[in-house]
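Asks: The following block contains the structure, expressed as structure tokens.
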Amino acid sequence: MTKTNIPEKGAIIQRDMETFSILPHIPGGFAEPALLRKIADVAEKYGAKYVKLTGAQRIAIMGVREEDLDNIWAEFTDRSKAIGLTIRSIQMCPGTRSCKRGKQDSPGLGFALDSEFYGKPAPSKFKMGISGCPNCCSDSWLKDLGFIGTDSGFRAVVGGKGGSTPKTARELVDGLSEDQAIALARKVIGFYRENAQGAERLGSTIERVGFETFTKAIL
Ligand code: SF4
């Protein structure tokens, strides 16, 4: 039988159509040394082909066997998974925690969003990027929902994406506190869940219903 992704096990079929990659949850790519050691130990123990840093600030354990998936996940304390039609890993930069250019605490907002939304269902993949300043090191303009730190708070941008038909996000509002940004994320994701047709990305939903209609519903 042909093997495919196994979303409930967070397992992505590899090019050999035989082995899988899995992605332990590493919020924003901020990993404790113990987690890095655990990933290395698991990769070695289960004969992974290699580990790979991903664009979404995760570390993929590549090329493991289907029969080992349950045991591999059991090695981790945090077994949250986010592949397929879900709210994906949230990209975050260090912001005011360590970057001299930071205007806002991007990890603070990012961790709060991660704990509420990571791995939750969505009509299609849903990506967020939180940048501590307009330099936008977390690619916020290319995310379904991005936040960018400014002097007055967080600026929210919506409807961006990368991929084969990239789209730049549009600015929705500026000057949000962290709590206001979280409340806005709830509304945007709620709107998307209610209004998406099929597996369209948020930017397509906004284009179809109209930016004004979307804005009125959210703000
Ligand atoms: S986006 Fe700004 S705050 Fe974040 S890492 Fe880049 S320069 Fe620093």
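Asks: So what's the convex hull volume per residue for the Cα atoms of the chain, in Å³?
Replies: About 124 Å³ per residue, rounded to a whole number.
Asks: So, one more: Quick one: if you stick a label point 7 Å off each Cα along the C-beta vector at Asp179 and Glu200, how many nm between them?
Replies: 3.5
Asks: Let me ask something else. Residue by residue, what Karplus-based ³J(HN,Hα) values in Hz, rounded to whole numbers, does segment 162-176 have, using 6.51, -1.76 and 1.60 with θ = phi - 60° and x for Gly and Pro?
Replies: For segment 162-176, the Karplus curve yields x, x, 6, 10, x, 9, 8, 5, 10, 6, 9, 6, 10, x, 7 Hz.
Asks: How are the C-alpha pair distances of segment 125-219 spread across 5 Å bins, as whole percents from the shortest bin up?
Replies: Computed distribution, short to long bins: 3, 15, 27, 27, 18, 9, 2, 0.
Asks: I need to check one value: relative contact order of the chain, counting alpha carbon pairs closer than 8 Å and at least 6 residues apart, in percent.
Replies: Reported relative contact order: 13 percent.
Asks: Using mean Cβ contacts within 10 Å as the protection proxy, how do 2-11, 59-68 order, highest first?
Replies: 59-68, 2-11
Asks: Follow-up question, since we're still on this one. For Lys125, which sequence-distant residues (separation of 5 or more, or a different chain) have an amide H within less than 5 Å of its own amide H, given hydrogens modelled in the peptide plane?
Replies: So Lys125 has HN proximity to Thr86.
Asks: How many nm is it between the label spots at Ser98 and Glu66, if each spot is 7 Å from the Cα in line with the beta carbon?
Replies: Distance between label points: 4.1 nm.
Asks: Can you classify segment 7-74 as rounded, prolate or oblate using the Cα gyration tensor, where a ≥ b ≥ c are the square roots of its eigenvalues, rounded means a/c under 1.5, and otherwise it's prolate if a/b beats b/c and oblate if not?
Replies: Prolate, since a/c reaches 1.5 and a/b exceeds b/c.
Asks: Something else about it: Quick one: 3J(HN,Hα) in Hz for segment 54-66, Karplus 6.51/-1.76/1.60 with θ = phi - 60°, rounded, Gly and Pro as x.
Replies: 9, x, 9, 6, 10, 10, 8, 9, 9, x, 9, 7, 4
Asks: Taking the Cα centroid of segment 157-219 and of segment 25-96, what is the distance between the two, rounded to the nearest whole Å?
Replies: For segment 157-219 versus segment 25-96, the Cα centre distance is 28 Å.
Asks: Output the relative contact order of segment 7-74, whole-number percent, from Cα pairs under 8 angstrom with separation of 6+ residues.
Replies: Relative contact order for segment 7-74 comes out at 36 percent.
Asks: Which lysines have a Cα lying under 28 Å from the Cα of Lys38, excluding residues fewer than 8 positions away in the same chain?
Replies: Partners within reach: Lys3, Lys9, Lys49, Lys52, Lys81, Lys120, Lys125, Lys127.
Asks: Right, something else. Among DSSP beta bridges whose residues both lie in segment 91-218, state the antiparallel percentage, nearest 5.
Replies: In segment 91-218, DSSP labels about 65 percent of beta bridges as antiparallel.
Asks: Oh, and also: Subtract the Cα-Cα distance of Asp16 and Lys120 from 0.36 nm times their separation in residues, and report this length gain in nm to one decimal.
Replies: 34.6 nm
Asks: GNM, the chain, Cα, under 10 Å: largest mean-square fluctuation among Leu85, Leu69, Leu36?
Replies: Most flexible of the set in this elastic network: Leu36.
Asks: Now for a different question. Determine ³J(HN,Hα), in whole Hz, for all residues of segment 82-93 in sequence, where each value follows from phi through the Karplus function 6.51 cos²θ - 1.76 cosθ + 1.60 and θ = phi - 60°; x replaces Gly and Pro.
Replies: 8, 10, x, 7, 8, 7, 8, 3, 8, 6, 9, 9
Asks: Here's another thing I want to ask about it. Cysteines of the chain lacking any other cysteine beta carbon under 4.7 Å?
Replies: Lacking a cysteine Cβ partner under 4.7 Å: Cys99, Cys133, Cys136.
Asks: Taking every DSSP beta bridge with both residues inside the chain, roughly what % is antiparallel (nearest 5)?
Replies: Restricted to the chain, the bridges split so that about 75 percent are antiparallel.
Asks: Further, regarding this structure: Please work out the FRET efficiency for the pair Thr2 and Leu53, using the Cβ-Cβ distance as r and a Förster radius of 22 Å; give the result to the nearest 0.05.
Replies: Efficiency at R0 = 22 Å is approximately 0.15.
Values in this text are rule-based calculations from the coordinates and carry no lab data. Please read these numbers as outputs of a predicted model, since none were measured by experiment. Please note: Cβ atoms are built from the backbone with ideal geometry, for glycine as well, and neighbour counts cover all protein chains shown.
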